[in-house]
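What follows is a short report on a single structure.
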Amino acid sequence: MDTITLWPLAALAAASTLVGFSKTAVSGANTISLAVFAAVLPARESTGVLLPILIAGDILAVLVYRRHAHWPTLLRLFPAVAAGVVGGTVFMLWADDAAVGTSIGAILLFMSGITLWRRRATARTGEAAERDREPTAGAGASRSGTPPGGEPPTETGPPGTETGPPGTEAGPPRTGRLKARAYGALGGFTTMVANAGGPVLSLYLLSAGFRKLGFLGTSAWFFLIVNTSKVPFSVGLGLIDARSLLLDAVLVLFVLPGAYLGRACAGRINQTLFDRIVIGATVLGGLQLLLN
């Protein structure tokens, strides 16, 4: 880290800009930054350098999306995340750079495969349900009670209540406790080991049906709290020291333009493309770590 030349430093600066972009636009893209840092710096040291940069991005994301977080989901995740962080700390006491990269890459690819499989199964189920709701010939209304060509009825309620279908901005999704514990523990472990909790949380929120604003707001608060809580562990492991903070002082300047660009682009990315980018970035990041 003492002998970083111009081009590696430029790569780290670009990755820092991508951190800002990912925090305000596409969370899964953060794995690309993780892979760049791990390629330029030793894997263990890269986690300590990257953490303060991530926290800077988290602060910017919270300032933009603070009103869109779904706190019941966060509170459901945090106990399992804490257990995962402790497990990740124990792992880092003995793991070398190769073990860190291989473990995280394998986990990301496995989670991506599970998510793609679940999405295909859900799509097939939805198509079957849609066929069952189709109106019979000559019928004046569909089986679901929706007038032909009309809009389906919607539920309304007082401001702040959960209305509308699961996963919409009006009604944040409800997820099972077992699923939250599994993803939370895995997210805590991966975020402690290599700052790779972003893809795990992204897959969890996508599988739970979160839309863009709820996704970004919940992610912003989640990582601001979790990443800040990791600082004492990282200092104790020797991952953050005076040298790493000196490099951070330079790289953090590149986070702000990335966050501004992400905020400008977030509203222009449709939901389908948003989901595909998140999953695609997760797969690419996992492959990069696995093959390093």
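Read-outs throughout are calculated quantities, based only on the coordinates presented, and are distinct from any laboratory measurement. A quick note: this is a predicted structure, and the numbers were derived from the prediction, not measured. In this analysis, Cβ positions are derived from the backbone assuming ideal geometry, glycine residues included, and neighbour counts consider all displayed protein chains.
Laid out as a table, the results:
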read-out	value
Burial ranking of peptide ranges 75-86, 9-20 (average Cβ count within 10 Å, highest at the top)	9-20, 75-86
Protection-proxy order for peptides 195-204, 33-42, 236-245, 95-104, each taking the mean of Cβ atoms within 10 Å per residue, highest first	195-204, 33-42, 95-104, 236-245
Proximal lysines relative to Lys212, as straight alpha-carbon distance under 20 Å, when same-chain residues fewer than 8 apart are discounted	Lys23
Total charge dipole magnitude, region 1-128, about the Cα centre, Cβ charges on Lys, Arg, Asp, Glu only, Debye to nearest 20	720
Pairwise centroid distance, computed over Cα atoms, of region 72-116 with region 245-280, Å	22
